[in-house]
Amino acid sequence: MKNKIGIWAPLRYANVGDDMQAIAFAKHIQKLGYGVKLFQLDIDLAELYHLESVPTVDELCKNVNLVVIAGGALLTPFKWYKRILNKAAREYEADFKDLYLATKKYPQVKFCAISMGGDGKVKNPKTWYSHWRIDFFRSPAFVNGTVRLAGDVAQMKQAFCKDFVYHADMLFRTPDYFKPKILPHTDKIRVCLQFKKGRYLDKQLLADIYAYAENYDDMEFHFITTHMPKIGLTYQYMPEKPSKNIFLDAYENPNQLLGVLASCDVIMTSMLHVGLMGLTVNTPFVSYRGPGKTKSFLKSIGGEWAILPENISFEELRIQVLTKKKENLFAQYNQDVIAGMVKDSLNQYDFCTEIVKRLS
């Protein structure tokens with residue numbers, strides 16, 4: 001067995017996107033003949049995928065020369081008051097403190113971010129990031145890597161003096177590393193729903209979904225979350241209980257959630273990663289009150305039709321989207337562009353191979 005490689009991501013939040021990136025890189029690195037250890041990977045996932053999980057950055061950095069930063073939205077901007085008042089933002093910035101201090105305690109270790117995410121915009125780092133995040137990104141120990149939005153190349157250069165390259169999101173290769181656990185067959189239309197609470201969710205639309213599920217029997221509505229319930233993050237909507245056409249499919253592991261996405265006819269989501277994962281299993285997605293990056297992505301694949309009006313009614317949604325055949329909806333995207341992204345995504349793994357061989 002060759003040297004071990006550390007893999008860092010904010011895995012304590014048990015978020016499917018972060019988990020999948022870390023596990024996929026772990027599998028890829030193992031195929032190259034190296035051992036791996038992952039920072040705070042959920043113990044059940046560690047057992048399921050036969051991976052080593054370590055609880056601290058200290059344990060992660062011991063006896064390794066390279067720590068791969070497995071994607072993640074590490075360029076997420078937080079204004080100063082959010083970094084003080086919001087618990088998740090405080091913890092996020094504290095992670096960068098731990099990473100920066102590790103560059104001093106373990107000078108032999110290099111840190112490399114692969115398929116890192118932001119919002120594609122150039123921002124003044126002092127306005128949006130803590131000094132720990134800035135110090136870590138500017139550290140000589142933090143080496144050049146890759147981003148998954150082209151606009152983030154300029155952000156890394158101007159804000160942190162790093163020469164990153166752009167390739168399509170590593171998760172376009174999801175089927176190479178995870179086998180979806182398909183749901184039992186049904187003749188009903190299956191709709192996958194991922195909603196954020198508050199202003200992101202129209203109460204009338206939700207009420208109409210419940211009413212339709214109760215009064216008609218041609219559709220199933222599968223509500224998902226992207227965090228495991230045991231983590232206690234409750235910003236995503238989940239019904240209180242299931243019924244004959246209402247299903248609760250909270251995230252348990254990547255194979256399970258991918259199976260839900262693959263089994264559905266369409267996904268309605270406010271999160272780009274959920275939609276992207278759907279595309280990898282040939283399920284079309286539409287953006288419901290999603291952020292600008294989701295809309296930009298859809299436009300890039302010819303998916304303007306999939307950007308829903310903010311106040312769409314259920315009847316409009318049903319007629320325009322939910323009753324359309326799955327393959328017909330998917331065919332409305334630009335297939336050549338999607339195929340190009342899937343192919344380009346391989347470059348994320350090729351980059352990982354190169355950096356592991358060079359710095360391990």
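The values are calculated or read from the model by the stated rules, or taken from the named source; none is laboratory data. Note that the structure is a prediction, hence the values are computed from the model and not measured. Please note: Cβ atoms are built from the backbone with ideal geometry, for glycine as well, and neighbour counts cover all protein chains shown. For accessibility, only protein heavy atoms count, side chains too; no ligands or nucleic acids. Shrake-Rupley method; radii C 1.70, N 1.55, O 1.52, S 1.80 Å.
Details
- Positions within the stretch 240-265 being hydrophobic (A, V, I, L, M, F, W, C) and in a strand (DSSP E or B), in sequence order: 246, 247, 248
- Long-range neighbours under 6 Å by Cβ, at least six apart or interchain, first residue in a loop (DSSP other than H, G, I, E, B) within the stretch 212-239, second at pLDDT below 95 and surrounded by fewer than 15 Cβ atoms within 10 Å (Cβ to Cβ): 235/197; 237/197
- Inside the stretch 281-307, residues that are touching a residue at least 60 places away in the same chain (Cβ under 8 Å), in contact with a Lys or Arg (Cβ under 8 Å, 6 or more places away or on another chain) and open to solvent by 10 Å² or more (accessible area, probe 1.4 Å) make up a count of 1.
- Qualifying positions in the stretch 116-145 - closer than 17 Å to residue 76 by Cβ, in contact (Cβ under 8 Å) with a residue 60 or more places away in the chain and either out of contact with any strand residue (DSSP E or B) (no Cβ under 6 Å at 6 or more places or on another chain) or not in a loop (DSSP other than H, G, I, E, B) (or both): 119, 120
- Hits in the stretch 217-235 (condition: under 22 Å from residue 44 (Cα atoms), of a type outside the set (Val, Ile, Thr) and in contact with a strand residue (DSSP E or B) (Cβ under 8 Å, 6 or more places away or on another chain)): 227, 233
- Where residue 148 falls short, out of the listed (1) open to solvent by 10 Å² or more (accessible area, probe 1.4 Å); (2) in contact (Cβ under 8 Å) with a residue 60 or more places away in the chain; (3) farther than 19 Å from residue 293 by Cα; (4) out of contact with any Leu (no Cβ under 7 Å at 6 or more places or on another chain): (3)
- Single residue of 177, 129, 166 found to be in contact with a helix residue (DSSP H, G or I) (Cβ under 9 Å, 6 or more places away or on another chain), modelled with pLDDT of 95 or more, more than 30 Å from residue 259 (Cβ to Cβ) and surrounded by 13 or more Cβ atoms within 10 Å (Cβ to Cβ): 166
- Any hit, the stretch 309-322, residues being surrounded by 14 or more Cβ atoms within 10 Å (Cβ to Cβ), within 26 Å of residue 198 (Cβ to Cβ) and basic (Lys, Arg): yes
- Members of the stretch 78-110 that are more than 22 Å from residue 156 (Cβ to Cβ) and outside any helix (DSSP H, G or I): 86, 106, 107, 108
- Residue check, residue 193 part of a helix (DSSP H, G or I) and under 25 Å from residue 294 (Cα atoms): no
- For the stretch 111-124, a residue qualifies if it is open to solvent by less than 60 Å² (accessible area, probe 1.4 Å) and either under 21 Å from the mean Cα position of the chain (by Cα) or at pLDDT 90 or above (or both), and the qualifying residues are 111, 112, 113, 114, 115, 116, 117, 118, 119, 120.
- In the stretch 180-192, the qualifying residues are those that are more than 10 Å from residue 261 (Cα to Cα) and in contact with a strand residue (DSSP E or B) (Cβ under 8 Å, 6 or more places away or on another chain), and the one that is surrounded by the most Cβ atoms within 10 Å (Cβ to Cβ) is 189.
- Among the residues examined, residue 172 does not qualify as in a strand (DSSP E or B) and surrounded by 14 or more Cβ atoms within 10 Å (Cβ to Cβ).
- Residue pairs meeting the criteria (Cβ under 6 Å; at least 6 apart or on separate chains; first open to solvent by 70 Å² or more (accessible area, probe 1.4 Å), in the stretch 329-341; second among the hydrophobic types (A, V, I, L, M, F, W, C) and modelled with pLDDT of 95 or more): 332/305
- Positions within the stretch 266-299 being of a type outside the set (A, V, I, L, M, F, W, C) and either touching a Pro at 6+ places or on another chain (Cβ under 8 Å) or in a helix (DSSP H, G or I) (or both), in sequence order: 270, 273, 275, 278, 280, 292, 293, 294, 295, 296, 299
- Residue tally, condition of a type in the set (Gly, Ala, Ser), open to solvent by 10 Å² or more (accessible area, probe 1.4 Å) and out of contact with any strand residue (DSSP E or B) (no Cβ under 7 Å at 6 or more places or on another chain), over the stretch 251-280: 1
- Number of the exception - residue 225 against (1) within 30 Å of residue 246 (Cα to Cα); (2) open to solvent by 20 Å² or more (accessible area, probe 1.4 Å): (2)
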